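The values are calculated or read from the model by the stated rules, or taken from the named source; none is laboratory data. Given the structure is predicted, the values throughout are model-derived calculations rather than measurements. Note: ideal-geometry Cβ built from the backbone for every residue, glycine included; neighbour counts use all protein chains shown. Side chains included, ligands, DNA and RNA excluded: accessible areas come from the protein's heavy atoms. Shrake-Rupley method; radii C 1.70, N 1.55, O 1.52, S 1.80 Å.
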Amino acid sequence: MAVYSGARPRSAFLPQRSRVPETPTLPRRRLRGAIRAKRRTNRLAFLLGGIVLAFLLAFFSLAQTVRVSATGYDMERLNAERDALLVRRQELLTDINRLGQEPAVRKLAIDAGLTQLRAPLVVSGH
């Protein structure tokens, strides 16, 4: 009967198939077949894994750089838009102040075809 290292002993409840006495097992030797055959471990897998890892890290870095530059571009665009709105607000406030004065109102009325009122007529009620 062959005995494998790490095998469990047979149960006492199950009958044995043969009555051959157990032979002593030899200790397992570590074979250095790869070294004797002058074969080395395959480093190609590690090399490819390293290249893939380097590519992934470079791609991640590039994605982050693009995200930061896009955010900076958006901030500059929004700041320019804000400045334009502030300039427009100041122009509107100036127009409101100018148009709210009496000469401007009079000029707008004349341009619209309105004239000044004549002297009031007083009607006596006898």
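Counting only residues that are open to solvent by 100 Å² or more (accessible area, probe 1.4 Å), over 30 Å from Gln116 (Cα atoms) and more than 29 Å from the chain's Cα centre (by Cα), how many does the stretch 60-102 have? Looking only at that region, the number is 4. Take Leu114 and tell me if it is over 51 Å from the mean Cα position of the chain (by Cα) and surrounded by 10 or more Cβ atoms within 10 Å (Cβ to Cβ). Yes: the conditions hold for Leu114.
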